[in-house]
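For reference, the structure is listed below as structure tokens.
The values are calculated or read from the model by the stated rules, or taken from the named source; none is laboratory data. As the structure is a prediction and not an experimental result, all values here were calculated from the model. Here Cβ is always computed from backbone atoms with ideal geometry, including for glycine, and neighbour counts include all displayed protein chains.
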Amino acid sequence: MTIPMITPAEIQALNPCINRWKVYRAAHPADARHPVADLLDCNGLSDTLWVLDRLSQAKRLRMAYAAHCAAHVLPIFERRRPTDSSPRDCIATIFTWLNDPTGATWVALADAAATAANAAADAANAAYFATTAANAATAANAAHAAERAWQTNALRRILTGQDPEAAK
């Protein structure tokens with residue numbers, strides 16, 4: 001995958017929140033092209049995902065990120081439902097498509113992405129409910145922070161052309 005680049009004008013054309021736009025613009029006053037990873041460093045994960053979600057040319061990056069995030073929490077799901085291979089199969093379908101975008105059908109990809117997203121949500125719920133009532137809030141906050149840090153690192157590695165799995 002190529003490293004995505006963007007200009008401040010391209011971000012502004014997406015109509016970002018004014019306050020968040022000012023943060024990025026202060027760090028990037030010139031109208032030169034910058035790696036999207038700069039946005040991750042400057043504005044964080046949520047703003048970077050917001051931009052990527054609105055860029056049609058970032059579809060493969062979004063799919064790679066979603067598949068890596070789903071694969072990251074897959075062991076939690078598999079401990080809860082060891083006989084259900086559908087999330088693993090869906091994630092594999094997405095990776096197959098990423099390696100050969102002409103080889104998989106869009107219908108199969110959409111179905112795989114939806115199932116993988118549901119599996120990730122189930123895994124997140126399983127992780128939350130696995131904690132005891134006494135430490136549920138503490139464990140959930142810690143898990144959320146750790147997962148958010150992993151997601152940020154995975155996206156940074158994808159945006160810079162590195163293997164997100166190598167950071168494990």
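Residues are listed down the side, and each one gets a yes or a no for (1) modelled with pLDDT of 85 or more; (2) closer than 18 Å to L159 by Cβ; (3) outside the structural domain of R148 (by TED's automatic domain parsing):
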position	(1), (2), (3)
Y65	yes, yes, no
P75	yes, no, no
A92	yes, no, no
W97	no, no, no
G103	no, no, no
W106	no, no, no
A113	no, no, no
A116	no, no, no
Index of the failed condition, N99 passing every other in (1) touching a strand residue (DSSP E or B) at 6+ places or on another chain (Cβ under 9 Å); (2) free of Cβ contacts under 8 Å to residues at least 40 places away in the same chain; (3) closer than 18 Å to Q162 by Cα: (1)
Output for segment 11-40, where each listed residue is in contact (Cβ under 8 Å) with a residue 12 or more places away in the chain and among the acidic types (D, E): D31
Per-region count, segment 49-64, residues surrounded by 14 or more Cβ atoms within 10 Å (Cβ to Cβ) and either without any contact (Cβ under 8 Å) to a residue 60 or more places away in the chain or not in a helix (DSSP H, G or I) (or both): 9
Number of the condition not met by M5 [criteria: (1) in contact with a Leu (Cβ under 9 Å, 6 or more places away or on another chain); (2) at pLDDT below 90]: (1)
Subset of segment 77-88 (residues that are assigned to a helix (DSSP H, G or I) and surrounded by 14 or more Cβ atoms within 10 Å (Cβ to Cβ)): F77, E78, R80, S86, P87, R88
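Each row is one residue, and each column tells you yes or no for (1) touching a strand residue (DSSP E or B) at 6+ places or on another chain (Cβ under 9 Å); (2) aliphatic (A, V, I, L, M); (3) assigned to a helix (DSSP H, G or I).
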position	(1), (2), (3)
I3	yes, yes, no
A9	no, yes, yes
N15	no, no, no
N19	no, no, yes
K22	no, no, yes
R25	no, no, yes
D31	no, no, no
D38	yes, no, yes
